[in-house]
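Worksheet for the structure shown next.
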Amino acid sequence: MSGRPDLRTLAVELQSLGVRTRGDADVETRAGGAGPADAGFLWFEGTPLTVPVHADYTRHSPYELVLDAERRRGTLYRDDVEVGSVSLPERPRIYDLETADGIPYWKIALMHLDSLASTVMQRCVYWGTDEQCHFCSIGTTLAGGRTIPTKTPELLAEVAEAAARLDGARDVTLTTGSPNRDDRGASYMARCAAAVRESSDLPVQVQIEPPQDFGWFARLKDSGVEAMGIHLETYDQDLLATVAPGKAAQGVETYLAAWEAAVEVFGRGQVSTYYILGLGESIESVVEGCKAAIERGVYPFVVPLRPSPGSIRANDTPPSPEYVREVYERVAPLLAEAGIMSQNARAGCVRCQACSALSTFEQVYGGERNGDPPVAAPV
């Protein structure tokens, strides 16, 4: 490739190939957990991105980021040709705080650029069984001492208030392993969301599996939740049975029905589903799955596989940039035609957008970025 790549190419390549780093600064990363992990947080020309920086495959990346600790910036190169400047987020101020009984705030919730996120219950009925999701490493963070088993509503409220005040947090994402096969944690998540809203007034997304009683969606909204994540991961049913057998046992039809019920409560574009690229699916199955979501008013948050240490698929590599780009180029016009664009999301992964480059492809159809980098409160 000669010359500077355009933003869409850059975002796709960085997320598939990762970036090598050198210099006197660290890129803030998140290791392990229930979602995309093992990646660094950065801004490139106002675009938020999470980019692999420590995985073995990044050694072969054409991208290198030379870091300047004093300025919290870096210069990005591709094959030794300068691409542009990158800004690094400041270390969140909440990371230097702890609760009255000595729990560090960073064990309760993490700043994902301008979003505060927490895995509320660090356990799942699938973990360590033959139903375990192959891409998930939820059990590793607890084993590594990087979190606590369960975050109480009071703890989450305390951290959310501080994150909004000190670090410019704009929303809160609450996810969880499935603690049971009934409400999937909905009742507890409602209590947590209510506490967060009362303390910080930040919009909240809750991510859970479909509860048996879809009436929980209305109860979650009454608690202050503004957006839902109900993640199917892949629309290929045979593949789902392999990589997420616990979810497959519920059946794709259960997810479709849950999407419809949730959209009735939260509105079009305020419900989302993850689709992970690189698990072994075909492009056609991804596009079919995105159409099924969009037709029901659900935003398909398409992300490349980010192999997480401790997961069953830890030794995989992300899909090629060409593969990912083709998917984005086919999905973005579907979103535009339906009027379901990422900048309209009120909370959650779709509002943050950093783990997917799909939103950069929406810009071709009039999509816009959802805000600038946050500004921390003055000292």
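Restricted to the range 273-289, and to residues that are out of contact with any Pro (no Cβ under 8 Å at 6 or more places or on another chain) and assigned to a loop (DSSP other than H, G, I, E, B), which residue is surrounded by the most Cβ atoms within 10 Å (Cβ to Cβ)?
Per the criteria, the residue is E281.
What single numbered condition from (1) out of contact with any Pro (no Cβ under 9 Å at 6 or more places or on another chain); (2) in contact (Cβ under 8 Å) with a residue 12 or more places away in the chain; (3) on the phi > 0 side of the Ramachandran plot fails to hold for G251?
For G251, the failing item is (2).
Could you say which residue among L76, L88, L97, L65 is farther than 16 Å from L49 by Cα and of a type in the set (A, V, I, L, M)?
Step by step, each of L76, L88, L97, L65 is checked, and only L97 is farther than 16 Å from L49 by Cα and of a type in the set (A, V, I, L, M).
Table: residues versus (1) over 25 Å from T140 (Cβ atoms); (2) surrounded by fewer than 23 Cβ atoms within 10 Å (Cβ to Cβ); (3) small (G, A, S); (4) under 21 Å from the mean Cα position of the chain (by Cα).
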site	(1), (2), (3), (4)
R181	no, yes, no, no
G185	no, no, yes, yes
A193	yes, no, yes, yes
S199	yes, yes, yes, no
E209	no, no, no, yes
A218	yes, yes, yes, no
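Go through the range 269-297 and give me each residue that's in contact with a His (Cβ under 8 Å, 6 or more places away or on another chain) and over 22 Å from R351 (Cβ atoms).
L279
Here is a yes/no grid of residues against (1) in contact with an Asp or Glu (Cβ under 9 Å, 6 or more places away or on another chain); (2) over 16 Å from H231 (Cβ atoms):
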{"position": "K291", "(1), (2)": "no, yes"}
{"position": "R296", "(1), (2)": "yes, no"}
{"position": "R306", "(1), (2)": "yes, no"}
{"position": "I312", "(1), (2)": "no, yes"}
{"position": "P319", "(1), (2)": "no, yes"}
{"position": "A332", "(1), (2)": "yes, yes"}
{"position": "A336", "(1), (2)": "yes, yes"}
{"position": "N344", "(1), (2)": "no, yes"}
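Only one of these is assigned by TED's automatic domain parsing to the domain that holds A117 and without any contact (Cβ under 8 Å) to a residue 12 or more places away in the chain: G224, G215, G246. Name it.
G215
Could you tell me which numbered condition E98 fails, if it satisfies all but one of (1) buried (at least 24 other Cβ atoms within 10 Å of the Cβ); (2) without any contact (Cβ under 8 Å) to a residue 12 or more places away in the chain; (3) acidic (D, E)?
Checking E98 against (1) buried (at least 24 other Cβ atoms within 10 Å of the Cβ); (2) without any contact (Cβ under 8 Å) to a residue 12 or more places away in the chain; (3) acidic (D, E), the one that fails is (1).
In the list G177, G145, which residue meets the criterion of being touching a Cys at 6+ places or on another chain (Cβ under 9 Å) and not aliphatic (A, V, I, L, M)?
Result of the check over G177, G145: G177.
Would you confirm whether or not the range 300-307 contains a residue that is of a type outside the set (A, V, I, L, M, F, W, C) and modelled with pLDDT of 95 or more?
Looking for residues that are of a type outside the set (A, V, I, L, M, F, W, C) and modelled with pLDDT of 95 or more, one finds at least one in the range 300-307, hence yes.
Here is a check on your reading of the model: is A261 part of a helix (DSSP H, G or I) and touching a Phe, Trp or Tyr at 6+ places or on another chain (Cβ under 6 Å)?
yes
Return only the number of the condition from (1) among the polar types (S, T, N, Q); (2) in contact with a Gly (Cβ under 9 Å, 6 or more places away or on another chain); (3) outside the structural domain of T141 (by TED's automatic domain parsing); (4) touching a residue at least 60 places away in the same chain (Cβ under 8 Å) that T47 does not satisfy.
The number of the failed condition is (2).
Among S61, S118, which is the only one that is in the same structural domain as P307 (by TED's automatic domain parsing) and not charged (D, E, K, R)?
The match here is S118.
Take S199 and decide whether it is touching a residue at least 24 places away in the same chain (Cβ under 8 Å) and in a strand (DSSP E or B).
no
The values are calculated or read from the model by the stated rules, or taken from the named source; none is laboratory data. For clarity, every value in this text was computed on a predicted model and none was experimentally measured. We place every Cβ from the backbone using ideal geometry, glycine too, and count neighbours over all the protein chains shown.
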